[in-house]
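Notes for the one structure printed next.
The values are calculated or read from the model by the stated rules, or taken from the named source; none is laboratory data. What you see is a predicted model; the values in this text were computed from it and never measured. Here Cβ is always computed from backbone atoms with ideal geometry, including for glycine, and neighbour counts include all displayed protein chains. The area values use the complete protein model at the heavy-atom level, side chains included, leaving out ligands, DNA and RNA. Shrake-Rupley method; radii C 1.70, N 1.55, O 1.52, S 1.80 Å.
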Amino acid sequence: MDERTIDYADFAEYDRRQRSIERHVLVAFLGGLVVGLAGMLLSGFGPAWLDRVYDPYAYFVLALLVGVTASGLGWALLATFLAAVTSLVSAMGASALRGRFTFDVMDGGAAGLNWMLAVLVGLGLLAYVTRREDHWGDISAGVVGGVLLADVVDRATPGFIETEEAFWPGPALVIGSLSVGLVLALRRSTGSRMCALAVTVVLATLFAAVLAGSLGLSFPLDP
């Protein structure tokens, strides 16, 4: 008679992993709910710069946290998408409670919502890839920093698409510094950090140059 032993430790480990995934998805859902509701309910009750910092950077932080803590790339995609959709829907719901139901909760209109959803999911996936110890992790961290700095440049530079006077100089400098700090925190070695920072600087510079060129802007060197 064949005697087969069952390793119950494997079943226990599998059960722990499944429960961890369930908790992660639930936290992603609740996080999106809280971030979206808070953003709309608190909008307009503080200084102008507070709204500019919360939207969209609170949503970016949520996507990054959900992505970097996921158990796998597929779960990062699912959880980030869930958090993003929940935050957008709850933001619209909170806006309706204040008597102004509209798609204009982030970046304006339905097209803006779709674009923001794509950006949030993309950031979540990139955040997960930053867990790799190779150059793909360095590049992903650099792209994350580049996206954040590009948004800062867009909001802080006069004449650009999303220029906001209240965003410069304080909020822009704080968010820019935190973006660089995030890139450094995502990598563990000096070489990886330098590589990631290089990618961040190149992407942010290219974004500024392309946008300035497309808008026909010029920046004289003389004061």
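Couple of notes before you dig in:
- Condition check for Leu50: among the hydrophobic types (A, V, I, L, M, F, W, C) and modelled with pLDDT of 75 or more: yes
- Considering Tyr54, Tyr59, the condition of being open to solvent by 40 Å² or more (accessible area, probe 1.4 Å), among the aromatic types (Phe, Trp, Tyr) and outside the structural domain of Leu182 (by the TED database) is satisfied by Tyr54 alone.
- Of the residues making up region 21-32, one or more are open to solvent by 80 Å² or more (accessible area, probe 1.4 Å), free of Cβ contacts under 8 Å to residues at least 12 places away in the same chain, out of contact with any strand residue (DSSP E or B) (no Cβ under 8 Å at 6 or more places or on another chain) and not hydrophobic (A, V, I, L, M, F, W, C).
- Scanning region 121-151 for residues that are open to solvent by 10 Å² or more (accessible area, probe 1.4 Å), within 11 Å of Leu73 (Cα to Cα) and of a type in the set (A, V, I, L, M) returns Leu125, Leu126, Val129.
- Exactly one residue among Gly108, Gly124 is at pLDDT below 80 and assigned by the TED database to the domain that holds Gly31, and that residue is Gly108.
- For region 152-161, the tally of residues that are surrounded by 13 or more Cβ atoms within 10 Å (Cβ to Cβ) and touching a residue at least 24 places away in the same chain (Cβ under 8 Å) stands at 6.
- Cβ-Cβ distances below 8 Å connect the following pairs, each with a first residue in region 114-131 that is at negative phi, a second residue that is acidic (Asp, Glu) and outside any helix (DSSP H, G or I), and a separation of six or more residues or different chains: Trp115/Asp107; Met116/Asp107.
- Residue in region 83-93 that is at pLDDT below 75 and surrounded by fewer than 20 Cβ atoms within 10 Å (Cβ to Cβ) present: yes
- Candidate set: region 198-216, residues that are touching a helix residue (DSSP H, G or I) at 6+ places or on another chain (Cβ under 6 Å) and more than 14 Å from Phe160 (Cβ to Cβ); chosen: the one surrounded by the fewest Cβ atoms within 10 Å (Cβ to Cβ): Leu203
- Subset of region 39-90 [hydrophobic (A, V, I, L, M, F, W, C), in a helix (DSSP H, G or I) and free of Cβ contacts under 8 Å to residues at least 24 places away in the same chain]: Leu50, Ala58, Val61
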